[in-house]
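Below: one structure, written as structure tokens.
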Amino acid sequence: MMNKEFKRYIYIAGTICVIFLAGALFLHLLPFLLMLGVIAYIGIRINRFIKKKKAEKSNSQSQYNHNYKDENNYETSPEEYTTGEVIDVEYEDVDNK
């Protein structure tokens, strides 16, 4: 009988010691874990900022190149304008009246 109760008390004491040691270790590591988290957060934010700036620069450069290519595509000869329907517009000079 006494042997079973003694084992029970040893298990309870051992469990309490393990929980206490794990808690103490966690409290000692907590400042380092917090610093690691803050550094990781700052690193992620800087990385996103750099990627965003690169994307904006790439997008503006792409937009510039796209506009340059479009300007060349819209150059047409005057003969192409006369192949469709011609609308006659009357012009009246309002300043001389």
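The values are calculated or read from the model by the stated rules, or taken from the named source; none is laboratory data. Owing to the predicted nature of the structure, the values given are computational and were not obtained by experimental measurement. Positions of Cβ are generated from backbone atoms using ideal geometry, with glycine treated the same way; all protein chains shown enter the neighbour counts. Protein only, heavy atoms only, side chains kept; ligands, DNA and RNA dropped before computing areas. Shrake-Rupley method; radii C 1.70, N 1.55, O 1.52, S 1.80 Å.
When nucleic acids and ligands are ignored and a 1.4 Å probe is applied, Leu33 ends up with an accessible area of around 90 Å². Other residues with beta-carbon under 13 Å from the beta-carbon of Thr15 carry, at +1 per Lys or Arg and -1 per Asp or Glu, a net charge of +2.
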